[in-house]
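> Please read through the structure below; I'll follow up with questions.
The values are calculated or read from the model by the stated rules, or taken from the named source; none is laboratory data. It should be emphasised that the depicted structure is a prediction, and the values quoted were computed from it without experimental measurement. Glycine gets a Cβ as well: all are built from the backbone with ideal geometry, and neighbour counts include every protein chain shown. Just the protein is used for accessible areas: all its heavy atoms, side chains included, with ligands, DNA and RNA removed. Shrake-Rupley method; radii C 1.70, N 1.55, O 1.52, S 1.80 Å.
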Amino acid sequence: MNNSFNLINGTFEPQDAQQILMTVFSSKIKFHEKKNLGSIVSKNLPDSNSSERIAFLKEQMQSIQNLIDSLQESDKLEINCEIHISKIQDTKK
């Protein structure tokens, strides 16, 4: 199973690009925060993968913000984001 889905594809003004990208990244961070909290509640330990992903995504958000801040209002940004989904074999069977 190989599937691709186009999430973002277009040309945007800096403010619109910022809003779109920050919303996507914030949603992913919230997902990992909930997963991390669930692990803390159930296992009394944070989910190390989620903690690492949160830190990484926040760094990425800062890099995006720095890029946006360096632009002029008249600049345009092209953003393409495709999601690829592939089924993998379970090696634990």
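> If you find the alpha carbon centre of the stretch 6-58 and of the stretch 77-92, how far apart are they in angstrom?
16
> Sticking with this one: What do you get for the angle between helix 14-43 and the principal long axis of the chain? Use alpha-carbon atoms, 0 to 90 degrees, nearest ten.
10
> In addition: Return one whole number: the accessible area per residue of the chain in Å², for a 1.4 Å probe. Please report the intermediate quantities before stating the final value.
Details: 7410 Å² over 93 residues.
Spelled out: the 1.4 Å probe surface of the chain, per residue, equals 80 Å².
> I'd like the accessible area for H84: 1.4 Å probe, protein heavy atoms, all chains in place, Å² to the nearest 10.
Its heavy atoms expose roughly 130 Å² to the probe.
> Shifting gears a bit: What order do L21, L7, L57 take when sorted by accessible area (1.4 Å probe), most exposed first?
From most accessible down to least: L7, L21, L57.
> What number in nm² do you get for the chain if you take the convex hull of its Cα atoms and divide its surface by four?
So the mean shadow area of the Cα hull is 8.0 nm².
> Now a separate question. Projecting each Cα onto the charge dipole of the stretch 4-69 (Lys/Arg +1, Asp/Glu -1 at the beta carbon, about the Cα centre), which of Q18, N36, Q65 comes out farthest on the positive side?
Of the candidates, N36 comes out farthest on the positive side.
> Which percent of the accessible heavy-atom area of the chain goes to carbon and sulfur, probe 1.4 angstrom?
51
> Taking a probe of 1.4 angstrom, what is the accessible area of T91 in Å², to the nearest 10?
Answer for T91: close to 130 Å² accessible.
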